[in-house]
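Peer 1: So that we are looking at the same thing, I have put the structure below in structure tokens.
The values are calculated or read from the model by the stated rules, or taken from the named source; none is laboratory data. Everything quoted here is computed from the prediction, not taken from an experiment. FYI the Cβ positions are ideal-geometry reconstructions off the backbone, even for glycines, and counts take in every protein chain you see.
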């Protein structure tokens, strides 16, 4: 069976997640974040996204199929909105681990914990999908559009381990029995660090958006407000800017559902052989010993054996998260192909 006919049989995107551990063997060239900043996780990357063999320019060595891929990302460009980062398609073992560079804007990134916007008062909540906008030696800056706002975005900076390539589970805000609900009276709400203190942030919601808070404390005409959604707020607001709900009344706080995607599945009359590697096997983009390797088949990885040509065998990973470009392949010496 040829590679083209096999690729025509990739269908079906379902749901699932995989945790990552371990780190791949990287080359010496590094991005601005350096070797200690590694993001891990498993998420779908948009179909058609390309993996390159260089930090800029270079040739395409793989295409993402739109299904989930275990990943480790490092060496991020200073401007993640336009630059690339170095990515390995591995969870630390048992994968076809390709190593190359991917446009950072195409890699789904999430907060792994609350990341401060205004220290001690406003955060981007954990388990939120964010856009990376800046990378430094040991930190990343991300932004999010506030849900229900009139296009308001907030930015937060945190250590590399504050971010992940896999969505976690959002944390709900526990409302005490004596908590009272408050709604914004208008679309804009000024927040303060303390009752009568300095202004620290202004929330700008759409006319139909609003924001629900709860509180157990009032002081000097101010209400200590708390809320948790895509952003978390722990601050003070003027009582005159809020509409209290009746005692004991509290609107439910909704954590929106999320969808995930699993591996593509085959719908072919006759599938190619599926084998498991018992040792690491180097992978090349072309049938040539002089070609530099683009990755390895790790021990325990399951791969499909495609066509064999002149002593070389083309393979595809079982999960089908990545496929080779038309002008390339994932080639291994036929003598090393698992049986």
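Peer 1: Just to be sure before I move on: is residue 21 closer than 21 Å to residue 127 by Cβ, in a loop (DSSP other than H, G, I, E, B), modelled with pLDDT under 85 and in the same structural domain as residue 282 (by TED's automatic domain parsing) in the structure I sent? Even if it seems obvious, please write down each step before you answer.
Peer 2: Working: closer than 21 Å to residue 127 by Cβ: yes; in a loop (DSSP other than H, G, I, E, B): yes; modelled with pLDDT under 85: yes; in the same structural domain as residue 282 (by TED's automatic domain parsing): yes.
It is true that residue 21 is closer than 21 Å to residue 127 by Cβ, in a loop (DSSP other than H, G, I, E, B), modelled with pLDDT under 85 and in the same structural domain as residue 282 (by TED's automatic domain parsing).
Peer 1: Filter region 36-63 for residues that are in a strand (DSSP E or B) and under 13 Å from residue 99 (Cα atoms) and give the result.
Peer 2: Looking only at region 36-63, we keep the residues that are in a strand (DSSP E or B), and these are 39-44, 50-52, 60-63.
Across region 36-63, the qualifying residues are 50, 51, 52, 60, 61, 62, 63.
Peer 1: Let me ask something else. Taking only region 98-126 into account, find how many residues are under 22 Å from residue 201 (Cβ atoms) and either touching a residue at least 60 places away in the same chain (Cβ under 8 Å) or surrounded by fewer than 20 Cβ atoms within 10 Å (Cβ to Cβ) (or both).
Peer 2: 12
Peer 1: Strands (runs of 3 or more DSSP E) wholly in region 99-215 with at least 1 residues that are on the phi < 0 side of the Ramachandran plot and touching a helix residue (DSSP H, G or I) at 6+ places or on another chain (Cβ under 9 Å) - which ones?
Peer 2: Per the criteria, 109-111, 115-118, 129-135, 139-145, 153-159, 180-184, 188-192.
Peer 1: Identify, by number, the condition in (1) in a loop (DSSP other than H, G, I, E, B); (2) touching a strand residue (DSSP E or B) at 6+ places or on another chain (Cβ under 8 Å); (3) over 29 Å from residue 108 (Cβ atoms) that residue 225 doesn't meet.
Peer 2: (1)
Peer 1: (1) at pLDDT 95 or above; (2) closer than 30 Å to residue 129 by Cα: which one isn't true of residue 218, the others all being true?
Peer 2: (2)
Peer 1: Inside region 303-339, can you point out the residues that are farther than 24 Å from residue 50 by Cβ, in contact with a strand residue (DSSP E or B) (Cβ under 6 Å, 6 or more places away or on another chain) and touching a residue at least 40 places away in the same chain (Cβ under 8 Å)?
Peer 2: If the condition is that a residue be farther than 24 Å from residue 50 by Cβ, in contact with a strand residue (DSSP E or B) (Cβ under 6 Å, 6 or more places away or on another chain) and touching a residue at least 40 places away in the same chain (Cβ under 8 Å), then 336, 337, 338 are the ones that fit.
Peer 1: So residue 93 fits all but one of (1) closer than 29 Å to residue 155 by Cα; (2) more than 16 Å from the chain's Cα centre (by Cα); (3) at pLDDT below 95; what number is the exception?
Peer 2: (1)
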